[in-house]
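Have a look at the structure below, then the notes.
Read-outs: derived from the displayed coordinates by stated rules, not from any lab. Quick caveat: nothing in here was measured; it's all calculated off a predicted structure. Note that each Cβ is placed from the backbone with ideal geometry, even for glycine, and that neighbours are counted across all protein chains shown.
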Amino acid sequence: MYSIGLDISKATIDIYIPINKSNIQIKNDIKSIKSLFEKLKKLYKKDISNLVLVFEPTANYSHLLKTFCSKNNIRCFIVNPKKSANFTKAIGQRNKSDIQDAVMLSKMIVTALDEEIRVPIVNIVVEELHELIS
């Protein structure tokens with residue numbers, strides 16, 4: 001299993017790709033997310049089905065990624081922010097940056113239970129209601 005760490009903000013997504021130890025930043029839009037996945041397909045080739053995207057559900061900012069993964073049958077480990085904060089303390093990571101968060105999220109795959117790694121289910125009605133009340 002290969003875990004890609006993604007730190008999501010309103011405008012950008014910081015990404016850590018372990019296979020080549022690269023840190024990249026993309027815009028948080030559908031075009032950039034599609035382009036990222038095409039890059040990952042080239043890097044991981046036949047192992048693409050063993051890929052897991054690891055990220056925190058950051059309000060509405062993670063919605064595009066979650067929907068893309070749902071539509072394209074991409075497995076994710078969506079991490080509770082409290083769990084990631086505790087993991088960060090446990091591994092002794094003191095400095096904080098978006099790229100370091102992406103690296104940490106990639107490492108968090110070791111804490112995932114089998115049932116926590118899955119293709120996200122997006123319920124459009126629930127998502128729209130959530131946007132209205134937040």
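Details
- Set Lys10/Lys31; Lys39/Lys66; Lys27/Lys89; Lys21/Lys66 screened for pairs whose C-alpha atoms are more than 21 Å apart: Lys27/Lys89; Lys21/Lys66
- Partners for Lys83 among lysines (Cα-Cα distance below 18 Å; same-chain residues under 8 apart left out): Lys96, Lys107
- Charging the Cβ of each Asp and Glu at -1 and of each Lys and Arg at +1, and nothing else, the dipole of the chain about its Cα centre rounds to 500 debye.
- Taking each DSSP H run with n ≥ 4 as -39500 (n - 2.57) and averaging over every residue of the chain yields -12000 deg cm²/dmol at 222 nm.
- More than 14 Å apart - percent of Cα-Cα pairs taken over the stretch 21-93: 68
- Here is what passes the span test in the chain: the DSSP H helices with alpha carbon length of 18 Å or more along the helix axis and a Kyte-Doolittle mean of -1.0 or above are 30-44.
- Label selected from [x] 47.4, 139; [y] 14.2, 42; [z] 28.2, 88, the criterion being Rg and Dmax of the Cα atoms in Å as computed here: [y]
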